[in-house]
Structure formats: C-alpha cells, structure tokens
Amino acid sequence: MKDETKIVTAGRDPEGNHGIVNPPVYHASTVLYPTLADFDAIRAKRQTGERGIFYGRWGTPTTFSLEDLVCAVEGGHRCMVYPSGLAAISGALMSFLNAGDHVLVVDTVYGPTRRFCDQVATRFNIETTYYDPLIGAGIAELMRDNTRVVFVEAPGSQTFEMQDIPAIAEVAHEGGATVMMDNTWASPLYFKPFEHGVDVAIQAGTKYIVGHSDVMIGTATATREAWPALEATSRMLGQTAGPDDVYLAQRGMRTLSVRLKQHWRNGLKVAEWLLTRPEVECVMHPALPDDPGHALWKRDFLGASGLFGITLKPCPRSAVAALVDGLELFGMGASWGGYESLVLVTSPNGSRSVRPWPHEGQTVRFHIGLEDPDDLIADLAAGLDRLRAAG
Ligand SMILES: *Cc1c(COP(=O)(O)O)cnc(C)c1O
C-alpha cells in the first residue's frame, strides 16, 4: 500500500464502531474488570508487553488509533504517544541513557533538546558531546566505549544543514549505540527513518501531524529491538496525552499528504523568489539545487516541508523590525506546521558550540502555509522594501 492510502486507512475500525468513520474519543482513567480471572488475564497480557486496555495511562483505543497510524506511515514496530514533542524527546533519551553514559547530539539540534541535555541529563551524570552536522562517518572519532545514543536531526534547527544519516547510523551501530532522530521537519511522509538506520524516530506531532496550530502532542516510534526499552521507561515517566488532543492529531494526520504537498510547493516558490532579492544573503532550504545539503536531501528524502530560513545582508535590528512588524499574512510566533504562514527572527549562534554560524546578517525563519504563494510573495516584497528604506 502507498502512503496516501495508509494515511486514510490505518488506525481506523469503522466495522468495530457502529460504522462510524473515525475512532471514538475515550475519556478513561478507570477500566473495570468483571471478574478476578479477567483481572489476572489483563495483568498477564501487560507482563508480556501486549497491548491491552488496563488503565487510562496505558492508552485507550483512541491512543492506539494514532499510534497505529503514525507507525503505518513512518515505519517501525510500535509507536508511543506523549503530551508534546519535547516530552517524546526527553522520554526517549531517558529510556536509553544511564548514569555514566555518553550521548552524541548534533550541534544544530532543536534548542530545548539541547537544554534538556545540558540542564537535566547532566544531573544524572550523562555527558553530551555536540557534533558537526556535516560530520558523516567522521563521527567514529567521537564515539566512546560508553556512547549509548547518537541523536540526529535533519535538516538542522534554524539553519537547515542536512546530515548523512545512514553513514552516521552505521558507525553508531558498530559502537553499539542507539540512533535517535527528530524527524519532525520531514514528517512521517518525507523521510523514512527506519530505512536509513534510525532506531527511534520522534515527531513533534504539534507541527504537521496536527496541522492546525491547536494541539501539543509528540510521538516516538521504535524498531522491534528498541521498543521494549522505549516503552518500559516512557510508561514509568507517566506522560500521557489527553484523549481530545490524541483524537485531533489522528484527524489532522488524515490530510497530511495533501497539506504537505502544498506546503512543499508554496515553500519552494517563496524560497526561489527570496533568492532573487538583493537584501537576502542566502536561503537555507535543502530542496534548492544550490543548497549545500541538496544532494543528501535528494538521495534520502521524499519531499520538503514548508519550513526554511534566510540570512539577510547585515542591517540594523530596526530594519528587521520594519520587515517583520508590517507583514500582513505572516504571524510572528514559535511553532510551525499549521495551515498558516509564520515568521520568526532567529539567532543560531545562541546555541552552537561546534560549527558557529558564519554570517553576520540576521537570520529569519519562515513557515510557508497554505495561502496562495503569490500573495505571500507580495507581502514579503513590501516587507523587504520597508527593510531597505529603514536600513
Ligand atoms: C516544536 C519542535 C519540537 C518540540 O515539540 P513540542 O510539541 O513543541 O514540544 C521538537 N523538535 C522540533 C524540530 C520542533 O520543531
């Protein structure tokens, strides 16, 4: 089955639900057992790692529908739902790291992942080394006997560097480490982590899976080998997502394939236009043919989402304000992946230790939504005119 079909059919059971197309929203903490024999049978199931309805925290058919849907499209053995993307990241890291372990994390990782490593993992005597996103197989030099996890994210946060994930995964596996990936940019559709050596793939479902800027949720999907460790600790951490949010995430994902195609097309059109503007020093978008990461993107990815960045030629902060404050169609805010366009002034050097961002000019991140791209371009053209007038 192709992805477009899986996204429509997986995680649904109309025949089991009175013919109703979508899964029901179960609000549950207590689950009743009619007899002691039922109670014992359910507990036995739990011990063998089988999925069952034991108690709200272990999930309900609502949770299972989203888990099955993400797993069907992203690949892997089983998927686990968390109340946010960051909860999935911290839960996955805690599942595989012990006191005294070492973790390799890409220097261009999502900022809060880095803060988790620096401020929380350190308290458990877990040491993090950040590595160059362009390192590839050279990561072998950073592997230690106690390196348990190699964390990848491509393209990189804010600056969109691509990583050679299969090369990194091969080295990591030779050293006995688990490869974890933040796969949010590509979504489960445009990068297939388990075909490229990843063991645990994480989604900030908040972004494209939900797709409507109204729910926080996360997922971690694992291979058969990695699943028991992921599940055991994640359950102990007690992080559950609310049933209405889980429902909205599975509902959002039903239309991911058509939304993402449009985000890709619109984003590329706006990125290509930005390349022509004299105020712009460079555009960071791996689907552009001249992007340094283009060859890797073409080799490994199946598409591009609507998130990319630019670096402006050096200009005063007040000129950047003139650009962004007057935009009509771009809201200024964190997050992305919804149907609407967003702009965010970023500062990559605030959180880099290995590969400093070499440009002096201000970086700006765009999420290109589902508006008509010509309207977005007209809005940005007026904004860049304001920037020039103010600079
Ligand atoms: C937003 C984001 C996260 C965190 O997701 P939340 O749901 O906001 O916790 C993780 N990784 C990436 C790449 C993100 O953009």
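The values are calculated or read from the model by the stated rules, or taken from the named source; none is laboratory data. Since the structure is predicted, the reported quantities are computational estimates derived from the model, not experimental observations. Please note: Cβ atoms are built from the backbone with ideal geometry, for glycine as well, and neighbour counts cover all protein chains shown. Surface accessibility is based on the protein's heavy atoms, side chains included, excluding ligands, DNA and RNA. Shrake-Rupley method; radii C 1.70, N 1.55, O 1.52, S 1.80 Å.
Our summary of shape: the Cα atoms of region 3-253 have principal axis extents of 57, 39, 29 Å, ordered from largest down, in whole angstrom.
When you count the other C-beta atoms within 10 angstrom of each residue and take the mean per peptide, 34-46, 133-145 line up highest first as 133-145, 34-46. Kindly point out which whole DSSP H helices in the chain project their C-alpha atoms 27 angstrom or further along the helix axis while averaging a Kyte-Doolittle hydropathy of 0.0 or above. Going by DSSP H runs, there are no hits. Along region 191-197 the Karplus relation, 6.51 cos²θ - 1.76 cosθ + 1.60 evaluated at θ = phi - 60°, assigns HN-Hα couplings of 9, 9, x, 6, 8, 10, x Hz to successive residues, with x for each Gly and Pro. One decimal place: the segment Leu36-Asp145 gains 34.4 nm when fully extended, by the rule 0.36 nm per residue minus the C-alpha distance.
Highest average first, the peptides 146-153, 355-362 ordered by how many other beta carbon atoms sit within 10 Å of their residues are 146-153, 355-362.
Evaluate E = 1/(1 + (r/R0)^6) for Glu15 and Ala334, where r is the Cβ-Cβ distance and R0 equals 45 Å; express this FRET efficiency to the nearest 0.05. The pair Glu15/Ala334 has a calculated efficiency of 0.65.
Taking 16 Å as the cut-off, the amide N atoms of region 119-137 that come nearer than this to a point 7 Å along the Cα-to-beta-carbon line of His173 belong to 137.
Backbone geometry of region 4-15 corresponds, through the Karplus equation with coefficients 6.51, -1.76 and 1.60 at θ = phi - 60°, to 3J(HN,Hα) couplings of 4, 7, 4, 5, 8, 9, 5, x, 10, 8, x, 4 Hz, x marking Gly and Pro.
Tell me whether region 256-390 comes out rounded, prolate or oblate; compute the Cα gyration tensor, take square roots of the eigenvalues as a ≥ b ≥ c, and use a/c under 1.5 as the rounded threshold. Here region 256-390 falls in the oblate category. Among Gly293, Ile126, Ala177, pick out the residue whose Cα is farthest towards the positive end of the charge dipole of the chain, where Lys and Arg carry +1 and Asp and Glu carry -1 on C-beta, about the Cα centre. Towards the positive end, the residue furthest out is Ile126.
Fully extending the segment from Asp325 to Asn98 would add 77.1 nm, taking 0.36 nm per residue of separation and subtracting the current Cα-Cα distance. For Thr276 and Asp214, the FRET efficiency from 1/(1 + (r/R0)^6), where r spans their Cβ atoms and R0 equals 51 Å, is about 0.90. Working from label points 7 Å from Cα in the Cα-to-Cβ sense, the Ala389 to Ser347 distance is 2.8 nm. Proximity of backbone amide H atoms, modeled 1.01 Å from N, is registered between Val280 and Lys313 at under 5 Å, excluding neighbours fewer than 5 places apart on the same chain. When the square roots of the Cα gyration tensor eigenvalues are ordered a ≥ b ≥ c, the ratio a/c for region 1-67 is 1.5 or more and a/b exceeds b/c, which makes its shape prolate.
Between Glu195 and Asp375, the simple label model (points 7 Å from Cα in the Cβ direction) yields a spacing of 3.5 nm. For the chain, the solvent-accessible area with a 1.4 angstrom probe is 42 square angstrom per residue.
For the chain, the 222 nm mean residue ellipticity estimated from helices alone, with every DSSP H stretch of n ≥ 4 adding -39500 (n - 2.57) and the total spread over all residues, rounds to -11000 deg cm²/dmol. For region 261-357, the list of GluC sites (Glu not before Pro) that fall in a loop by DSSP and count at most 12 other C-beta atoms within 10 angstrom reads Glu328. I'd like the FRET efficiency for Ser318 and His27, computed as 1/(1 + (r/R0)^6) with the beta carbon distance as r and R0 of 51 Å, rounded to 0.05. Using R0 = 51 Å, I get an efficiency of 0.50.
In terms of packing, defined here as the mean over residues of other Cβ atoms within 10 angstrom, the peptides 161-171, 369-379 line up highest first as 161-171, 369-379. Where both partners of a DSSP beta bridge lie in the chain, what percent of those bridges are antiparallel, to the nearest 5? In the chain, approximately 55 percent of DSSP beta bridges are antiparallel ones. Note on Asn125 and Lys298: their simple-model spin labels are 5.0 nm apart, each label 7 Å out from Cα toward Cβ. In region 171-294, the inverse of the mean reciprocal separation of distinct Cα atoms equals 16.9 Å; this is its Kirkwood hydrodynamic radius.
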